[in-house]
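The values are calculated or read from the model by the stated rules, or taken from the named source; none is laboratory data. Computed from a prediction, not measured in an experiment: that's the story for all the values here. With ideal geometry, Cβ positions are generated from the backbone for all residues, glycine too; neighbour counts draw on all protein chains shown.
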Amino acid sequence: MRGTTLARWTVLALILAVVFVPMFWIVVTSLKTGRQILMSESPYVPRPFTVDNYVYLFEESRFALWIRNSFVTATASTLLSLMIGAAGAYSLTRLRYPGRRTFGALVLVTYLVPPGLMFIPLYQTFIRIGYTDSLGTLILAYPTFLVPFVTWLLMGFFRSIPRELEEAALVDGATRVQALVRVVLPLAAPGLLAAGLFCFTLSWNEFLYALIFIGDDSPKTLPVGLSEFVVSDFAFWGQLMAAAALASLPVIVVYVYLHKYMVQGLTAGAVKG
Amino acid sequence: MRQERVLGYALVSPVALFLTALVAYPFLSAIYLSLTEKIVGYPAHFVGLKNYATLLESGRFRAVAWNSFVFTAASIAVKLVIGISMALALNNVVRANQFIRGILLLPWVIPTVVIALTWKWLMDLFRGLINVSLIDTGLISSGIHWLGDPTLAMASVVIANIWRGFPFFGVSFLAAMQTVPQDLYAAAEVDGAGAVEKFLHITLPSIKSVVAIVTLLSTIVTLNDFSIVFIMTRGGPGAATHVFATYSYELGIQSQRWGLAMAASLASLPLVALLIVGVVRYLHREEE
């Protein structure tokens, strides 16, 4: 028994160290001066440390604009996907009509098509309708993977809400739509929250579509802006790691406060345990 | 009942319209475009399977297919091992379990671009933490060329990808392990089973379907991964880490050879389709 306890904590310590080191390196680098980085002076803990890299981001780069663009895109595509997906999931789990099972399976299939396979076809479509280089392009593009995801996730949540509650409301004279808005949606609130957080995180982190669909300078999002800090093989690592820390902060905050819901969503919908 | 049907179609129609316009249509037109030749300034003309034949004959494409396979197989094999170890180590640890699990999941929420850039910097030849600390401890005398050597470059992108993905594996497996009834283990102990036997005969069979689903999902995504390779190596050195998605990017976005790019995008489709069928069947079985 003592042997397994030791093995358990050894494994955990190793894994924690592996997870910790890159995050430590981000923070440490972001607090170094250009000279400390260039000459590898006090590599592990910068003495003295500096916050110049963070100041530089806001005063001399377009960092604030990238944050704004990412925030607008992530929020809008999340709301759009939640509305479309919630209506679809309700319909697919609660109402009976021909073709519903087939359609549910098709939604799952689209959920599984990877962006790495879709980006060129989707880009061609946006070129054809003449709508590229705008945040709107991304707000339309992200729901292509968010809507199937939300629909699939919420189908699991709607299934877990007892039909009797809804039927009781119908007997009391409510219409289907009223029952949906007043009974089902409030009960599905944790599911909606989890789905929304996932969508926001996925959009905030998205890189491929944002890189391809937007060529102009102004509507760049945070991940694309970050990737362009590296010019050929030369990079301003101090500023870049400061930007990396700030770019990760919102999703980490969201996650720390709400990871209970996110893990719940993870097990209830997408991956059934 | 008629009212229910009308409402049903009405509520599902936004999903249907959206996915038809921005998934099904682009996808079908991509299949058509992959059968045409289109160079900027000239109209497209139909060439049958010529683009696919060109790809199969090209040494670069064959290298890309092989690299995608290596990248995927290596990432998934290691993620399975670490994921199962992580789940076993966390299973039944009541104290600190929530907290540790929370920290371990962080790589999964951090933007992939940040992860790729950080690993590129960790592996920097002269000033990266890995080489600096290896030299400091005297394990090596001069820096290792992580991203400059073809084999090491592939290993490096795989390592970054594993770091990003193993927490999801671990937490999913842990969730599955926690549904296994404790009395099964107690009964096995009475019969004199050791830790290894309990793992092989109780734990593994109970988490089998979750392992299968997670592996299939991850294979689909990893096979078509773009960001890690694009940011860390741009497919180099040479074509040593070039994979399907970075290659379609090169053909379409950089060279504007759309027909060929479409064909390259769709090249992994037969395999992806098979994997998708696998996931759908597994999920349906789980539901019943």
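Do we have any residue at all in region A:100-117 that's within 7 Å of chain B (Cβ to nearest Cβ), at pLDDT below 90, over 30 Å from A:SER134 (Cβ atoms) and in contact with a Lys or Arg (Cβ under 9 Å, 6 or more places away or on another chain)? Looking for residues that are within 7 Å of chain B (Cβ to nearest Cβ), at pLDDT below 90, over 30 Å from A:SER134 (Cβ atoms) and in contact with a Lys or Arg (Cβ under 9 Å, 6 or more places away or on another chain), one finds none in region A:100-117, hence no.
Looking only at helices (runs of 4 or more DSSP H) that lie completely in region B:35-149, which have at least 2 residues being free of Cβ contacts under 8 Å to residues at least 12 places away in the same chain? It would help to see each step written out before you state the result.
Values: elements: B:50-57, B:59-90, B:97-104, B:106-109, B:112-122, B:129-136.
Counting at least 2 such residues, we get B:50-57, B:59-90, B:97-104, B:112-122, B:129-136.
Among the residues of region B:181-194 satisfying the criterion of being away from chain A (no Cβ under 11 Å) and outside any helix (DSSP H, G or I), which is nearest to B:VAL157 (Cα to Cα)? Looking at residues that are away from chain A (no Cβ under 11 Å) and outside any helix (DSSP H, G or I), I get B:PRO181. Screening B:TYR52 against (1) crowded, with 16+ Cβ neighbours inside 10 Å; (2) within 12 Å of chain A (Cβ to nearest Cβ); (3) within 30 Å of B:SER29 (Cα to Cα) leaves a single unmet condition, (2).
Scanning region B:138-164 for residues that are within 12 Å of chain A (Cβ to nearest Cβ) and at pLDDT 90 or above turns up B:LEU147, B:GLY148, B:ILE159, B:ALA160, B:ILE162, B:TRP163, B:ARG164.
How many residues does region A:40-56 contain that are in a helix (DSSP H, G or I) and either within 14 Å of another protein chain (Cβ to nearest Cβ) or among the polar types (S, T, N, Q) (or both)? Break it down stepwise before answering.
Applying the first criterion (in a helix (DSSP H, G or I)) to region A:40-56 yields A:52-56.
Keeping just the survivors that are either within 14 Å of another protein chain (Cβ to nearest Cβ) or among the polar types (S, T, N, Q) (or both) gives A:53.
Residues flagged as in a helix (DSSP H, G or I) and either within 14 Å of another protein chain (Cβ to nearest Cβ) or among the polar types (S, T, N, Q) (or both) within region A:40-56 amount to 1.
Tell me the residue from A:ALA86, A:ALA74 that is closer than 21 Å to A:GLY225 by Cβ, small (Gly, Ala, Ser), within 12 Å of another protein chain (Cβ to nearest Cβ) and part of a helix (DSSP H, G or I), please. Among A:ALA86, A:ALA74, only A:ALA74 is closer than 21 Å to A:GLY225 by Cβ, small (Gly, Ala, Ser), within 12 Å of another protein chain (Cβ to nearest Cβ) and part of a helix (DSSP H, G or I). Of everything in region A:89-99 that is in a helix (DSSP H, G or I) and among the small types (Gly, Ala, Ser), the residue that is nearest to the other protein chains (Cβ to nearest Cβ) is A:SER91.
Per the listing B:PRO150, B:PRO167, B:PRO205, B:PRO181, the residue uniquely of a type outside the set (D, E, K, R) and in contact with a Phe, Trp or Tyr (Cβ under 7 Å, 6 or more places away or on another chain) is B:PRO167. For region B:197-237, filtering for residues that are farther than 25 Å from A:PHE229 by Cβ, at pLDDT below 90 and in a loop (DSSP other than H, G, I, E, B) leaves 0.
Just to be sure, is B:GLY8 surrounded by 16 or more Cβ atoms within 10 Å (Cβ to Cβ), among the small types (Gly, Ala, Ser), part of a helix (DSSP H, G or I) and in contact with a helix residue (DSSP H, G or I) (Cβ under 9 Å, 6 or more places away or on another chain)? The answer is yes for B:GLY8.
Do we find that B:TYR25 is farther than 30 Å from A:TYR142 by Cβ, among the hydroxyl-bearing types (Ser, Thr, Tyr) and surrounded by fewer than 20 Cβ atoms within 10 Å (Cβ to Cβ) in this structure? Can you show your working first?
Details: farther than 30 Å from A:TYR142 by Cβ: no; among the hydroxyl-bearing types (Ser, Thr, Tyr): yes; surrounded by fewer than 20 Cβ atoms within 10 Å (Cβ to Cβ): yes.
No.
Restricting A:ILE37, A:ILE26 to residues that are surrounded by 18 or more Cβ atoms within 10 Å (Cβ to Cβ), part of a helix (DSSP H, G or I) and at pLDDT 90 or above narrows the list to A:ILE26.
Within region B:195-207, at least one residue is farther than 22 Å from B:PRO237 by Cα, without any contact (Cβ under 8 Å) to a residue 12 or more places away in the chain and within 11 Å of another protein chain (Cβ to nearest Cβ). Could you list, in sequence order, the residues of region A:133-174 that are among the aliphatic types (A, V, I, L, M) and over 19 Å from A:THR110 (Cβ atoms)? Once the filter is applied, which keeps residues that are among the aliphatic types (A, V, I, L, M) and over 19 Å from A:THR110 (Cβ atoms), region A:133-174 yields A:LEU135, A:ILE161, A:LEU165, A:ALA168, A:ALA169, A:LEU170, A:VAL171, A:ALA174. Hey, can you tell me all the residues within region B:100-133 that are at the interface with another protein chain (Cβ under 7 Å from one of its Cβ atoms) and of a type in the set (Ser, Thr, Tyr)? Of everything in region B:100-133, those that are at the interface with another protein chain (Cβ under 7 Å from one of its Cβ atoms) and of a type in the set (Ser, Thr, Tyr) turn out to be B:THR112, B:THR118. In region B:213-266, the qualifying residues are those that are among the small types (Gly, Ala, Ser) and within 9 Å of chain A (Cβ to nearest Cβ), and the one that is farthest from B:ARG60 (Cα to Cα) is B:SER227.
Listed here are the residues, each with its yes/no results for (1) over 25 Å from A:VAL113 (Cβ atoms); (2) facing chain A (nearest Cβ under 8 Å); (3) aliphatic (A, V, I, L, M); (4) under 30 Å from the mean Cα position of the chain (by Cα).
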residue: B:VAL6; (1), (2), (3), (4): yes, no, yes, no
residue: B:PRO26; (1), (2), (3), (4): no, yes, no, yes
residue: B:ALA30; (1), (2), (3), (4): no, yes, yes, yes
residue: B:PRO43; (1), (2), (3), (4): yes, no, no, no
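Scanning region A:18-45 for residues that are free of Cβ contacts under 8 Å to residues at least 24 places away in the same chain, within 32 Å of the chain's Cα centre (by Cα) and more than 19 Å from A:SER248 (Cβ to Cβ) yields a total of 2.
With respect to the conditions (1) surrounded by fewer than 14 Cβ atoms within 10 Å (Cβ to Cβ); (2) of a type in the set (Lys, Arg); (3) not in a helix (DSSP H, G or I), A:LYS32 falls short on a single one, namely (1). Taking every residue in region B:264-281 that is over 11 Å from B:LEU223 (Cβ atoms) and free of Cβ contacts under 8 Å to residues at least 24 places away in the same chain and pairing it with any residue that is part of a helix (DSSP H, G or I) and not β-branched (Val, Ile, Thr), at least 6 positions away or on another chain, the pairs with Cβ-Cβ distances below 7 Å are B:VAL280/A:ALA105; B:VAL280/A:LEU108.
Going through (1) modelled with pLDDT of 90 or more; (2) out of contact with any Leu (no Cβ under 6 Å at 6 or more places or on another chain); (3) away from chain B (no Cβ under 13 Å) one by one, A:LEU202 falls short only on (3). Restricting region A:155-177 to residues that are under 33 Å from the mean Cα position of the chain (by Cα) and in a loop (DSSP other than H, G, I, E, B) leaves a set whose member that is surrounded by the fewest Cβ atoms within 10 Å (Cβ to Cβ) is A:PRO162.
The number of residues in region A:59-70 being free of Cβ contacts under 8 Å to residues at least 40 places away in the same chain and either within 14 Å of chain B (Cβ to nearest Cβ) or under 19 Å from A:TRP204 (Cα atoms) (or both) comes to 2.
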